[in-house]
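Enquirer: Following this message is one structure expressed as structure tokens.
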Amino acid sequence: MGYWSILIFCSVVLAVLITITWYSVKKQNDRSELGCEMGVIVAISFAVFALVLDIPSAIMGGKKIYVDKFPPTVTLQYFQFVKTESEYLISFKNFTFQYRAQKRPTLTGINLDIYPGERVLIAGPSGCGKSTLAGCINGLNPFSNPGECTGELTVDGVYAPKSSIFELSAHVGTVLQDPDGQFIGLTVGEDIAFALENSCTPQDEMHEITRHAAELVGIDNHIDYAPHELSGGQKQRVSLAGVMVDQVKILLFDEPLANLDPATGKQTIELIDEIQKKTDTTVVIIEHRLEDVLWRNVDRIILMKDGGILADLHPDELLSTGLLGENGIREPLYLTAMRYAGVDILPEKKPSHVESVIINESDRTKIHNWFHAQPAAEKEAEKTPLLEVKNLSFGYTKEHQTLRNVSLSIGKGEMVSIVGKNGAGKSTFSKLVCGFETPDSGEILFDGRDLLPENIRHRAKHIGYVMQNPNQMISKTMIFDEVALSLKNMGKSDAEIREKVEETLKICGLYPFRNWPVSALSFGQKKRVTIASVLVQNPELIILDEPTAGQDFHHYTEIMEFLRGLNEQGVTVVMITHDMHLMLEYTPRALVFADGQLIADRSAAAVLCDPELIQKAALKETSLFTLANHMDITPAEAFVERFIKEDREVRSHGC
């Protein structure tokens with residue numbers, strides 16, 4: 001007999017006995033109240049037995065008897081009665097989840113407890129199950145993305161697999177990677193108030209809550225702005241305010257830094273830190289940019305691999321191992337530099353922050369010796385100009401100029417990065433070069449000839465453009481057909497097309513997949529398909545917009561080493577990026593844009609060692625610069641260059 005059956009049976013028996021006694025006492029009184037008294041007696045009896053049956057567990061450990069005593073099918077299906085422990089807020093117990101459309105589970109055997117007030121970072125290579133885990137916490141899995149789950153998952157006392165997105169949204173607020181994907185209202189105020197409107201909150205109360213949430217995230221001065229009038233960082237603040245009006249206990253961030261410039265990303269981490277301190281919420285962050293997240297403290301890092309949890313450690317402990325690099329996650333650059341110098345990274349040295357890492361005299365000597373061991377840098381030969389821009393100006397409207405008097409030159413065979421904050425004019429510059437827009441004034445010369453009279457089609461023979469999202473470029477179902485499309489449009493014969501396409505696919509490492517559908521490829525492989533579709537025309541210059549956005553370290557390295565290989569074959573590569581690591585490691589030269597102007601044309605190391613320039617362009621100084629200053633190494637730029645050289649040598653040897 002189960003726990004519930006015993007409890008109900010005993011309660012009824014006790015109620016009958018009490019009722020008989022009560023009836024004999026009351027037989028002279030008005031019996032019209034007896035029915036009401038019977039209900040009270042049964043309720044009291046039920047409560048008494050529940051308390052009695054719970055006393056042994058209270059004596060043994062202070063924990064209540066819940067699910068363990070109940071028949072599982074009864075408790076979960078009918079009573080929705082779940083085991084709750086006051087210690088944790090989110091709890092996975094032997095949890096497995098499999099999407100309906102997949103043959104194997106995406107998550108397997110997850111055991112994880114997250115406690116109130118914690119800040120937890122979930123990291124891991126692409127496809128390891130991070131976003132699936134997040135979707136289980138906020139209810140997207142299985143209620144929006146159908147699938148089967150086993151084991152237990154409780155979120156703030158709610159048994160999540162038997163709950164709903166609506167119910168879980170009162171406990172978990174989710175901020176997505178792309179803030180534009182979360183906007184619903186026509187103004188900031190409308191968007192923040194959306195959940196309150198759905199709850200039929202009175203107008204006066206709604207205005208007060210909305211204003212408070214906006215003040216909390218620092219967006220109250222933009223309450224009447226339209227979404228398109230906001231910067232990327234401001235949009236993130238609105239998304240955060242929109243999920244905070246429900247006073248949720250858990251804030252879940254899915255790659256919040258992926259589309260932000262370095263300075264805005266830094267501000268976002270500071271904002272998360274500030275909000276958590278004010279509200280005492282529990283914060284879960286999913287992010288590839290580990291060093292940026294560690295700008296503020298996190299309590300634990302959960303490292304995932306192949307649908308399971310590989311490590312659950314304090315940052316100091318995890319950074320002291322080699323697990324991050326072995327599993328496709330880049331460790332902070334200052335730690336890599338210390339390892340190159342032969343310094344042992346240990347938990348007691350507190351390596352999670354460059355400002356507080358403990359470096360003893362022995363370590364200091366090793367770092368100085370490593371720095372001074374570098375050979376003198378060879379001066380590179382001057383490149384023949386390929387792309388020249390003179391006094392280029394352009395505005396989408398007559399009232400506002402997006403670019404003003406930009407002049408620069410890019411040599412044949414160079415690999416150059418274009419950096420700057422969102423809205424600085426970087427993408428507009430590339431559109432003008434490719435012919436998507438026509439400049440208001442100025443000149444664009446390619447290999448000495450004027451490009452302005454040429455249309456997009458003619459320019460595409462010499463200049464290739466690869467968008468950030470490959471899905472926005474791909475128009476054919478099959479890989480071969482996608483790469484061959486431009487050649488067919490040029491009227492090439494089938495034999496010429498096959499020969500050229502197969503040659504290009506081999507260069508791009510896609511030849512084994514030539515007869516595959518594009519849909520079967522990973523994001524990184526799709527990126528290669530778009531590059532191949534451009535490369536097949538033998539362009540002399542390729543411009544890539546955020547080539548590594550959203551990629552883990554393994555896929556990032558794969559794409560960048562491929563591009564470097566193309567560059568070594570003579571292709572000039574220009575990359576628009578927010579990734580300061582990419583700029584440092586792969587492009588000797590950086591063009592810095594701010595407010596529609598080119599404000600610097602210097603080496604990547606020099607750019608990230610200039611605090612004034614970093615502030616103007618909304619960049620973020622490299623931790624190598626900070627480490628060099630702590631070591632009293634001058635100039636810091638030389639230390640950064642030393643690291644870049646060592647890092648390239650390590651990569652070239654596949655270490």
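Enquirer: Conditions: (1) open to solvent by less than 30 Å² (accessible area, probe 1.4 Å); (2) under 23 Å from Leu89 (Cα atoms); (3) within 19 Å of the chain's Cα centre (by Cα). His288 meets all but one. Number of the miss?
Expert: The failed condition is (2).
Enquirer: Follow-up. Scan Leu535, Leu627, Leu541, Leu563 and give me the residue that is closer than 30 Å to Gly395 by Cβ and of a type in the set (A, V, I, L, M). Full working, then the answer.
Expert: Working: Leu535 fails: closer than 30 Å to Gly395 by Cβ; Leu627 fails: closer than 30 Å to Gly395 by Cβ; Leu563 fails: closer than 30 Å to Gly395 by Cβ.
Among Leu535, Leu627, Leu541, Leu563, only Leu541 is closer than 30 Å to Gly395 by Cβ and of a type in the set (A, V, I, L, M).
Enquirer: Under the condition of being in a loop (DSSP other than H, G, I, E, B) and either among the small types (Gly, Ala, Ser) or without any contact (Cβ under 8 Å) to a residue 60 or more places away in the chain (or both), which residue from the range 572-628 is most open to solvent (accessible area, probe 1.4 Å)?
Expert: Pass one, the range 572-628, residues in a loop (DSSP other than H, G, I, E, B): 577-579, 587-588, 595-596, 608-610, 617-622.
So of that shortlist, the ones also either among the small types (Gly, Ala, Ser) or without any contact (Cβ under 8 Å) to a residue 60 or more places away in the chain (or both) come out as 579, 596, 608-610, 617-618, 621.
Numbers: Asp579: 42, Gly596: 1, Leu608: 1, Cys609: 22, Asp610: 38, Ala617: 0, Ala618: 14, Glu621: 68 Å².
Per the criteria, the residue is Glu621.
Enquirer: Scan the range 412-430 for residues that are more than 22 Å from Thr264 (Cα to Cα) and either touching a His at 6+ places or on another chain (Cβ under 8 Å) or surrounded by fewer than 17 Cβ atoms within 10 Å (Cβ to Cβ) (or both) and jot them down.
Expert: Of all residues in the range 412-430, those more than 22 Å from Thr264 (Cα to Cα) come to 412-416, 430.
Residues satisfying the conditions are Lys412, Gly413.
Enquirer: Output the residues belonging to the range 532-556 that are surrounded by fewer than 18 Cβ atoms within 10 Å (Cβ to Cβ) and assigned to a helix (DSSP H, G or I).
Expert: Scanning the range 532-556 gives a single hit, His554.
Enquirer: Next question. Any idea which of (1) farther than 30 Å from Ala628 by Cα; (2) open to solvent by 60 Å² or more (accessible area, probe 1.4 Å) is the one Ala373 doesn't satisfy?
Expert: Here Ala373 clears every test but (1).
Enquirer: Now for a different question. Output the qualifying pairs, or none if there are none: Cβ atoms under 6 angstrom, residues six or more apart or on different chains, first residue in the range 550-569 and more than 22 Å from Glu331 (Cβ to Cβ), second residue open to solvent by 10 Å² or more (accessible area, probe 1.4 Å) and not polar (S, T, N, Q).
Expert: Correct list of pairs: Asn567/Met415.
So that you can scan it fast, the table gives a plain yes or no per residue for (1) touching a Lys or Arg at 6+ places or on another chain (Cβ under 8 Å); (2) within 25 Å of Ser126 (Cα to Cα); (3) open to solvent by less than 50 Å² (accessible area, probe 1.4 Å):
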site	(1), (2), (3)
Ser475	no, yes, no
Glu482	yes, yes, yes
Glu496	no, no, no
Leu505	yes, yes, yes
Cys508	yes, yes, yes
Tyr511	no, yes, no
Glu561	yes, yes, no
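Enquirer: Here are some conditions: (1) crowded, with 20+ Cβ neighbours inside 10 Å; (2) within 30 Å of Leu445 (Cα to Cα). Tyr396 meets all but one. Which one does it not meet?
Expert: (1)
For (1) outside any helix (DSSP H, G or I); (2) open to solvent by 10 Å² or more (accessible area, probe 1.4 Å), each residue gets a yes or a no:
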| site | (1), (2) |
| --- | --- |
| Thr96 | yes, yes |
| Gly109 | yes, yes |
| Asp113 | yes, yes |
| Pro116 | yes, yes |
| Pro125 | yes, yes |
| Leu133 | no, no |
| Pro142 | no, yes |
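Enquirer: Could you list, in sequence order, the residues of the range 147-168 that are open to solvent by 60 Å² or more (accessible area, probe 1.4 Å) and either in contact (Cβ under 8 Å) with a residue 40 or more places away in the chain or touching a Leu at 6+ places or on another chain (Cβ under 6 Å) (or both)?
Expert: Within the range 147-168, Glu148, Thr150, Glu152, Lys162 qualify.
Enquirer: Applying the selection to the range 278-322, what residues are at positive phi and either of a type in the set (Ser, Thr, Tyr) or touching a strand residue (DSSP E or B) at 6+ places or on another chain (Cβ under 9 Å) (or both)? Show your work before the answer.
Expert: Narrowing the range 278-322 to residues at positive phi: 280, 306-307.
Across the range 278-322, the qualifying residues are Asp306, Gly307.
Enquirer: Being among the small types (Gly, Ala, Ser) and farther than 23 Å from Thr281 by Cβ is the filter here, so list the residues in the range 117-170 that pass it.
Expert: First, the residues of the range 117-170 that are among the small types (Gly, Ala, Ser): 117, 123-124, 126-127, 129, 131, 134-135, 139, 144, 147, 151, 157, 160, 163-164, 169-170.
Listed by number, the residues that qualify are Gly124, Ser126, Gly127, Gly129, Ser144, Gly147, Gly151.
Enquirer: Of all the helices (runs of 4 or more DSSP H) wholly in the range 415-500, which have at least 3 residues that are in contact (Cβ under 8 Å) with a residue 24 or more places away in the chain and farther than 20 Å from Tyr511 by Cβ? Reasoning before the result, please.
Expert: Numbers: elements: 426-434, 456-459, 479-489.
Output list reads 426-434.
Enquirer: Can you pull out every residue in the range 316-354 that is part of a helix (DSSP H, G or I) and open to solvent by 30 Å² or more (accessible area, probe 1.4 Å)? Please lay out each step first, then the result.
Expert: Initially, the range 316-354 is screened for residues part of a helix (DSSP H, G or I), giving 316-319, 323-326, 333-340, 347-349.
Of everything in the range 316-354, those that are part of a helix (DSSP H, G or I) and open to solvent by 30 Å² or more (accessible area, probe 1.4 Å) turn out to be Glu317, Leu323, Gly325, Glu326, Arg339, Tyr340, Pro347, Glu348.
Enquirer: Also: Answer with yes or no whether Asn567 is open to solvent by 10 Å² or more (accessible area, probe 1.4 Å), assigned to a helix (DSSP H, G or I) and of a type in the set (S, T, N, Q).
Expert: Values: open to solvent by 10 Å² or more (accessible area, probe 1.4 Å): yes; assigned to a helix (DSSP H, G or I): yes; of a type in the set (S, T, N, Q): yes.
When the stated conditions are applied, Asn567 passes them.
Enquirer: Scanning the range 396-414 for residues that are in a loop (DSSP other than H, G, I, E, B) and either in contact with a strand residue (DSSP E or B) (Cβ under 8 Å, 6 or more places away or on another chain) or in contact (Cβ under 8 Å) with a residue 60 or more places away in the chain (or both), which turns out farthest from Arg602 (Cα to Cα)?
Expert: At the first step, the residues of the range 396-414 found to be in a loop (DSSP other than H, G, I, E, B) are 396-402, 412-414.
Then drop every residue that is not either in contact with a strand residue (DSSP E or B) (Cβ under 8 Å, 6 or more places away or on another chain) or in contact (Cβ under 8 Å) with a residue 60 or more places away in the chain (or both), which leaves 401-402, 412-414.
Numbers: Gln401: 25, Thr402: 22, Lys412: 17, Gly413: 17, Glu414: 13 Å.
Per the criteria, the residue is Gln401.
The values are calculated or read from the model by the stated rules, or taken from the named source; none is laboratory data. Only a predicted model underlies this, so the values are computations on that prediction, with no experimental measurement involved. Glycine also receives a Cβ, built like all others from the backbone with ideal geometry; neighbour counts cover every protein chain displayed. For accessibility, only protein heavy atoms count, side chains too; no ligands or nucleic acids. Shrake-Rupley method; radii C 1.70, N 1.55, O 1.52, S 1.80 Å.
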